[in-house]
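Here's the structure, in structure tokens; my notes come after.
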């Protein structure tokens, strides 16, 4: 007789743990399994496409992984404290530049933001960093150059810094209003361990390989970054293969192509719910641009999605009061649209 007993509590917990830690790999495997049953030819084509795409981007992957591991091993992220000293306008500029160029992971930004605000750093400078940080970092720059092109990577970096600077300036001009007087929600502390990067920044160890613990940290960072990028890019290239196979190019061109403002506006709005992950979005945008998506629309999608993606928005909502959250979202969408328009203008002139 077949065993019809339900899974034990331990088994269910193990399944939940497996889903929580490996859900991206599981989704990719599920997609291929479904394709193998219902569209075997497409399953083979998608697997070949994904493997070839990963192989093509391998040099950029290796470089981006090395940059991320180097930043963690040397402690270069401790230099962020220097961006928040000086006159308010200077802090805004440095905060935007630090956000656009620093190698912070998304999980480390929120406690750092809490620490900055709790320590009395002006919201204008913090907002500049906050807006720029999710859009670009050194690893993202390398991968954007490889998946899209160098011009797009440079433009996205400038968009990140520009959005941060303009957003910080807007907040500075509104800083006298009651709505922005107390940005943090009640009970939010000083950012915990993330705040130590600002309160007591440790010295940067550039020759990290001379210290065993730093070498070990480099290895850990390289391993975690490799697994992170591999799982997201595998899923992204797999989805790109299906998009290229099943979404007619004329549909993309009609919706997101052309020279007008509507494609950019559409991409800005669609970028909020459709954004997966900063790295995973690159192949998808690349595939859409091959089918006729306007360059400006691609830029707007990446900028809007990076700043207002659901995980990022939820984190901001949990940290900041509603008026600050609303301003964050408004600045993000307006800045993404402006970045798309400017990039489209530059692309049309070149």
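The values are calculated or read from the model by the stated rules, or taken from the named source; none is laboratory data. On a predicted model such as this, the values are computed, not experimentally measured, just so you know. Cβ: placed from backbone, ideal geometry, glycine included. Neighbour counts: every protein chain shown.
Any idea which residue in the range 185-210 is farthest from the chain's Cα centre (by Cα), counting only those that are modelled with pLDDT of 75 or more and not in a loop (DSSP other than H, G, I, E, B)?
Only one residue tops the list, namely 210.
Go over the candidates 135, 113, 80 one by one and state the one that is modelled with pLDDT under 85, surrounded by 20 or more Cβ atoms within 10 Å (Cβ to Cβ) and in a loop (DSSP other than H, G, I, E, B).
The unique qualifying residue is 135.
Taking the residues in the range 325-350 that are modelled with pLDDT under 85 and in a helix (DSSP H, G or I) as candidates, determine which candidate is nearest to residue 112 (Cα to Cα).
Applying the filter and picking the extreme gives 347.
Any residue at all in the range 241-250 that is in contact with a helix residue (DSSP H, G or I) (Cβ under 6 Å, 6 or more places away or on another chain), under 29 Å from residue 338 (Cβ atoms), modelled with pLDDT under 85 and crowded, with 22+ Cβ neighbours inside 10 Å?
no
Quick one: is residue 24 more than 22 Å from residue 287 (Cβ to Cβ), modelled with pLDDT of 80 or more and crowded, with 18+ Cβ neighbours inside 10 Å?
no
Conditions (1) in a helix (DSSP H, G or I); (2) modelled with pLDDT under 85; (3) more than 16 Å from the chain's Cα centre (by Cα); (4) within 24 Å of residue 293 (Cβ to Cβ), marked per residue:
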{"position": "120", "(1), (2), (3), (4)": "no, yes, yes, no"}
{"position": "144", "(1), (2), (3), (4)": "yes, no, no, yes"}
{"position": "151", "(1), (2), (3), (4)": "yes, no, yes, yes"}
{"position": "158", "(1), (2), (3), (4)": "yes, no, no, yes"}
{"position": "162", "(1), (2), (3), (4)": "yes, no, yes, yes"}
